[in-house]
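> One structure coming up, written as structure tokens, with questions to follow.
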Amino acid sequence: MRTDYTQVFQDPVAVAKYAENTYAPGSFSSIVSRRQEKWLRGFVRSAFPLAPVHHDFACGTGRAMRMIENEVVASHGYDTSEAMLAKARQLDSPGALHLIGESGPLPRRESIVGEHSDRAALVTAFRILLNVDATVRDRVMKFAAEMLPDASSGFLILENHGNAASLRHLRAVFGRLDTRDWFSELSHACVRDLLDRHDFELVALQGFTMVTQGCYRNAPLAWMSRAVDRVATSSSLLSRLATDVMYVARRKA
């Protein structure tokens with residue numbers, strides 16, 4: 001598994017490629033992102049009586065912040081890459097952007113929330129867990145625990161965009177892997193263990209694509225693949241088999 005994710009995106013060229021190619025209009029990632037946005041906005045409306053404060057760890061180009069613009073009372077993005085934060089500013093991501101270290105002290109809740117200290121929080125960590133090592137994953141969770149001190153303080157949403165129980169895994173079993181691709185996998189058990197070790201409990205999970213990225217690139221399969229995904233991911237029933245999964249968690253009571 002490739003674990004130099006954070007170092008790669010210190011490079012403005014890599015950041016530009018990520019923002020402009022990976023999330024180009026009509027791309028697999030942009031289609032999945034639109035599904036995530038629709039679900040996430042609905043989740044915020046239903047889960048929080050009052051608009052929460054949003055904390056996006058490893059915010060990158062600010063995608064998650066833009067997803068729920070106007071659904072939160074304040075938004076904060078945190079990243080170790082100034083190049084990523086510069087792109088987030090260029091894309092007019094709402095809220096405050098914070099450059100943080102790869103190690104050392106993490107932001108404290110009291111110093112961030114200010115006038116909104118009475119509001120619950122939504123903490124998101126998208127596209128970070130899969131391609132980092134255990135130390136970084138623990139750092140994500142320590143940040144979440146700081147912003148969500150107890151069970152009533154809000155929710156954490158983690159993204160796993162390489163679910164080991166998905167159809168994508170068949171490529172690893174029966175296909176030829178190109179080591180230039182980041183074919184990393186993360187199991188539900190690993191995510192559950194991560195949550196449990198940091199005193200979080202899993203509340204729900206939601207999948208966003210069942211088929212593989214290659215199916216979206218294949219013209220004869222593309223239309224059918226999108227149709228299958230729209231149906232299969234319209235509820236959480238098949239989410240455990242999805243390639244891209246969101247885990248909703250909160251602190252244990």
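> Please report the antiparallel percentage of DSSP beta bridges with both residues in the chain, rounded to the nearest 5.
Around 40 percent antiparallel, to the nearest 5.
> Rg/Rh for the stretch 12-162: what does it come to with C-alpha atoms and Rh from Kirkwood? Write out the running numbers ahead of the final one.
Working: Rg = 14.7 Å, Rh = 15.7 Å.
In the stretch 12-162, Rg relative to Rh is 0.94.
> As a check on your grasp of the helix formula, calculate [θ] at 222 nm for the chain: sum -39500 (n - 2.57) over DSSP H runs of n ≥ 4, divide by the residue count, round to the nearest 500.
One gets -11000 deg cm²/dmol as the mean residue ellipticity at 222 nm.
> Using a 1.4 angstrom probe, figure out how much accessible area the chain has per residue, in square angstrom, rounded to the nearest whole.
The answer is 48 Å² per residue.
> While we're on this one: Over all pairs of distinct alpha carbons, what does the Kirkwood formula give as the hydrodynamic radius of the stretch 70-155, in Å?
For the stretch 70-155, inverting the mean 1/r across all distinct Cα pairs yields 14.1 Å.
> Residue by residue, what Karplus-based ³J(HN,Hα) values in Hz, rounded to whole numbers, does the stretch 41-47 have, using 6.51, -1.76 and 1.60 with θ = phi - 60° and x for Gly and Pro?
5, x, 4, 4, 5, 7, 8
The values are calculated or read from the model by the stated rules, or taken from the named source; none is laboratory data. Just so it is clear, the model here is predicted, and its values are computed rather than measured. Quick note on the areas: whole protein, heavy atoms, side chains included, nothing else; ligands and nucleic acids left out. Shrake-Rupley method; radii C 1.70, N 1.55, O 1.52, S 1.80 Å.
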